[in-house]
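Since every read-out is calculated from the coordinates, none of them should be taken as a lab result. Predicted model, so just to flag it, every value in this text is computed and none were measured. Methodologically, a virtual Cβ is constructed for each residue, glycine included, from the backbone with ideal geometry; neighbour enumeration extends over all protein chains shown.
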Amino acid sequence: MRNLFNVLLFWLVLFASTVKAETLVLAADLWCPYNCEPDSDKPGFMVEIARAVFAQKGIDVEYRLMPWSRAVQSTREGDFDAVIGATLNDAPGFVFPAVEQGQMLTSLWVLPEFKWRYQRIASLSDVILGVSAGYSYGADIDGYVADPRNQNYIHVLFGTKPLAQGLKMLKAGRIDVMVEDESVFRYHVDQFPDGIPYVNAGTVDNPTADTKVYVAFSPAKPDSAQWAEMLSKGIADMRASGDLLRILQRYGLRDWRD
């Protein structure tokens, strides 16, 4: 009897050691403070929100850095579970939580000596515009970027760090204006100061639906709706408990709903 007990105990221990927690793999390019360097102390507030919510369910969250277009396409095909920092227009067909995990403010940035200011879409015809590949900036700018008549006035930025690339081109005079979320731009120049007092040349007046930012789940994964529901409920609980604000304050931010 003791031998049988020892055999059963051995197999139970072996089974327990081989069982792994469920892991969600999230992908995006660098868009700090929403999502930053994966292995840093501050991986991004949306990464921290996702990890806090899913940890309550015994689910690990792994975050991988890659070009945005690749992240969206690979997640659409089911290679990854979700993308971080998507608007509804960034990832059509994805499964979105009912509650957003962030809110963006799309602005246009210039060097201090450049006197141009944004006056709705028509004013973009006067400048060379830098945009990140695969990004959605709202219906107006998205339509301008997609119009083939404007291609000579647009420079598309690729890679995992399009903002850093865009700033190099801005300083070199290869583009006149860089489109970027205000929080992302200010966070970057605070972390990597270069002594240039960049100027916000205007903010795009987007409808609220185009400003909400999400962890958006793969349409190819059968559990995506369940994960999205978990995240919606989880962030609501974090907002009520104060845990959300504590995460945001680590990045110098406040709750966008306040």
Estimated D of segment 106-209 in µm² per second, where Rh is the Kirkwood radius over Cα pairs and Stokes-Einstein applies at 10 °C, 1.306 mPa s: 115
Note, ³J(HN,Hα) from phi for segment 45-60, Karplus 6.51, -1.76, 1.60, rounded to Hz, x at Gly and Pro: 5, 6, 5, 5, 4, 4, 5, 5, 5, 6, 4, 5, 9, x, 10, 7
[x] 35; [y] 39; [z] 25, with the label sought being that of the calculated percent of Cα pairs over 28 Å apart: [y]
Nearest-0.05 FRET efficiency for Ser69 and Glu229, computed from C-beta distance (R0 30 Å): 0.60
For the chain, share of DSSP beta bridges that run antiparallel, in % to the nearest 5: 50
Long-range HN-HN contacts of Asp181 with modeled amide H, under 5 Å: Ser107
Built amide H within the under 5 Å cut-off of Arg64, gap 5+: Leu26, Ala27, Ala28
